[in-house]
Amino acid sequence: MGVSALAPRLSTAEASAAVKVLEARAATAPLMGDEAPPTAVWAYDGRVPGPVIRARQGEKLRLRFENGLDQPSTIHWHGLRIDNAMDGVAGLTQAAVRPGESFDYVFTPPDAGTFWYHPHNRTWEQMARGLYGLLIVEEPEAPAVDRDLALAFDDWRLDRDGQIDEASLGRMRDWAHAGRLGNWLTVNGVSQPEIALRKGERLRLRLANCCNARVLSLRLDGHAAWLVALDGQPIAPYQPADGVVTLAPAQRADLIVDAVLGPGARTAILEVGGAHAVETAFLAYRPEAPTRDRPLPPPAALPDNPLPRSLDLGGALRRELLMEGGAMGRMASARFKGRRMGLRELVDQGKAWAFNGTAGMTDEPLLRVERGRTAVIEMINDTAWPHALHLHGHHVRVVERDGSAQTETPWRDTVLLQRNEKASIAFLADNPGKWMLHCHMLEHQAAGMATWVAVGV
Ligand code: C2O
Ligand code: CU
């Protein structure tokens with residue numbers, strides 16, 4: 001469907017460069033390379049990933065979402081602590097945007113960092129088909145690097161013809177296990193892209209896990225990388241001992257990397273989570289002479305974002321979040337649609353997981369907290385699977401893991417819990433509204449792992 005058939009554009013001075021239009025529509029993408037037939041996808045502006053949106057911290061952004069799909073959709077701005085009305089959650093913060101209709105998202109990002117966007121309606125299907133993109137909020141004074149590269153990782157499940165494996169979309173076996181794991185990995189929509197660089201350069205690499213369900217463990221061969229931010233939020237720079245950065249679905253990491261190898265060298269960004277290391281992308285050194293002849297000092301920390309200075313754990317509102325279900329689990333029944341159902345009946349309804357005994361979104365929030373108070377959620381993963389818990393509208397700190405107190409852990413918007421692990425997260429409830437809390441393994445979310453938190457409402 002052409003853009004002209006959709007909602008009328010602004011025709012006055014407002015229709016300036018300040019309004020960016022993002023249209024979701026059917027498209028094709030050369031996921032298998034230029035030689036192979038392209039893959040039919042759903043994409044923002046016809047590209048996979050969607051365009052990288054660059055915004056400035058504290059400056060208003062106007063984005064018009066146009067829905068050229070044949071099913072309702074929305075856009076959620078993952079990790080941005082913005083107005084609740086702009087959070088893009090169908091059924092909670094807005095009505096889903098129907099085919100042919102549009103919605104204007106207007107918000108001011110309070111934090112600089114690496115964020116991303118994706119639909120929040122049938123997310124498991126719409127993301128599996130290609131709808132996602134990165135949103136970068138630039139620091140007013142960006143750190144000195146020669147190049148700033150954003151890399152969106154995704155694993156697709158393709159069939160023998162290189163098309164999205166549609167037969168397995170919504171397959172309960174995946175939903176009750178790890179989620180939809182793919183068989184074809186891309187970085188910025190390309191399999192094993194080659195990134196050219198020159199000795200002596202300093203790079204900022206922004207890594208984002210845009211997979212539906214796969215946890216990625218990434219290591220840059222031959223280089224010692226400084227980790228400077230997680231989920232968009234600065235941390236004190238350090239070099240992870242084994243060089244591995246683990247990213248659950250939806251998590252991001254910013255790295256500073258100095259190009260120390262020689263002209264002609266070629267090295268890989270490896271995924272080392274499985275039995276064999278997989279080359280996801282290559283860094284290829286150009287033959288030119290080095291850009292500088294002496295090594296740079298370690299990178300400085302990124303400028304602080306306006307996060308809470310302290311969390312009042314003593315005065316916090318506390319709630320438990322018991323996570324149950326899935327294959328090889330112990331859950332025998334859960335409430336769904338107001339009724340207790342046995343596991344078999346739940347599975348017939350497309351549910352396999354529960355939070356505090358309820359599968360899927362509840363009318364009542366997990367917790368209601370007054371604005372300005374600290375809340376602690378004690379998450380207990382009583383399942384045989386890892387989960388990536390994402391809270392909207394806030395960043396959280398892990399304050400306890402498996403019974404031991406943690407201090408000054410990084411601010412995150414998504415927290416990975418291993419099987420049978422317990423972790424408590426704390427956050428200052430300073431952003432009013434209705435905020436989702438769900439597993440970002442999208443099939444787990446769809447199959448029951450979803451609730452919400454009410455702040456000051
Ligand atoms: Cu990245 Cu509720 O989403
Ligand atoms: Cu999960």
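The values are calculated or read from the model by the stated rules, or taken from the named source; none is laboratory data. Treat the numbers as computed from the prediction; the structure is a model and nothing was measured. Here the Cβ positions follow ideal geometry from the backbone for every residue, glycine too, while neighbour counts run over all protein chains shown.
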Please enumerate the residues belonging to region 249-272 that are outside any strand (DSSP E or B) and either within 16 Å of THR114 (Cβ to Cβ) or within 16 Å of ligand 2 (Cβ to nearest atom) (or both). PRO249, ALA250, GLN251
Does MET361 fit the bill of being in contact (Cβ under 8 Å) with a residue 60 or more places away in the chain and within 16 Å of ligand 2 (Cβ to nearest atom)? yes
Looking at this structure, is TRP411 surrounded by 15 or more Cβ atoms within 10 Å (Cβ to Cβ), away from ligand 2 (no atom under 16 Å from the Cβ) and either closer than 23 Å to VAL89 by Cα or of a type in the set (D, E, K, R) (or both)? yes
Cross-chain or 6+ apart pairs with Cβ under 6 Å, region 379-393 first and over 24 Å from HIS76 (Cβ atoms) and of a type in the set (Val, Ile, Thr), then more than 11 Å from ligand 2 (Cβ to nearest atom) and part of a loop (DSSP other than H, G, I, E, B): THR383/GLY329
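The rows are residues; the columns are (1) modelled with pLDDT of 95 or more; (2) of a type outside the set (D, E, K, R); (3) crowded, with 16+ Cβ neighbours inside 10 Å.
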| site | (1), (2), (3) |
| --- | --- |
| GLU141 | no, no, no |
| GLY170 | yes, yes, yes |
| ARG180 | yes, no, yes |
| THR186 | yes, yes, yes |
| LEU203 | yes, yes, yes |
Being among the aliphatic types (A, V, I, L, M) and in contact with a Cys (Cβ under 7 Å, 6 or more places away or on another chain) is the filter here; which residues of region 374-427 pass it? ALA388, LEU389
Enumerated strands (runs of 3 or more DSSP E) restricted to region 28-107, each holding at least 3 residues that are in contact (Cβ under 8 Å) with a residue 40 or more places away in the chain and surrounded by fewer than 22 Cβ atoms within 10 Å (Cβ to Cβ): 53-56, 61-67, 102-107
Quick check: anything in region 155-164 under 20 Å from GLY68 (Cα atoms), touching a residue at least 60 places away in the same chain (Cβ under 8 Å) and outside any loop (DSSP other than H, G, I, E, B)? yes
Among the residues of region 390-403, are any out of contact with any strand residue (DSSP E or B) (no Cβ under 8 Å at 6 or more places or on another chain) and closer than 28 Å to PRO109 by Cα? no
The one condition in (1) free of Cβ contacts under 8 Å to residues at least 12 places away in the same chain; (2) within 16 Å of ligand 2 (Cβ to nearest atom); (3) charged (D, E, K, R) that GLU443 fails to fulfil: (1)
Right, GLY350: in contact (Cβ under 8 Å) with a residue 24 or more places away in the chain and out of contact with any helix residue (DSSP H, G or I) (no Cβ under 8 Å at 6 or more places or on another chain) or not? no
Hey, among the residues in region 374-403 that are out of contact with any Pro (no Cβ under 8 Å at 6 or more places or on another chain), charged (D, E, K, R) and on the phi < 0 side of the Ramachandran plot, which one's nearest to ligand 2 (Cβ to nearest atom)? ASP382
Determine which single condition GLU288 fails, assuming it passes every other condition in (1) farther than 22 Å from LEU416 by Cα; (2) part of a strand (DSSP E or B); (3) touching a residue at least 24 places away in the same chain (Cβ under 8 Å); (4) out of contact with any helix residue (DSSP H, G or I) (no Cβ under 9 Å at 6 or more places or on another chain). (2)
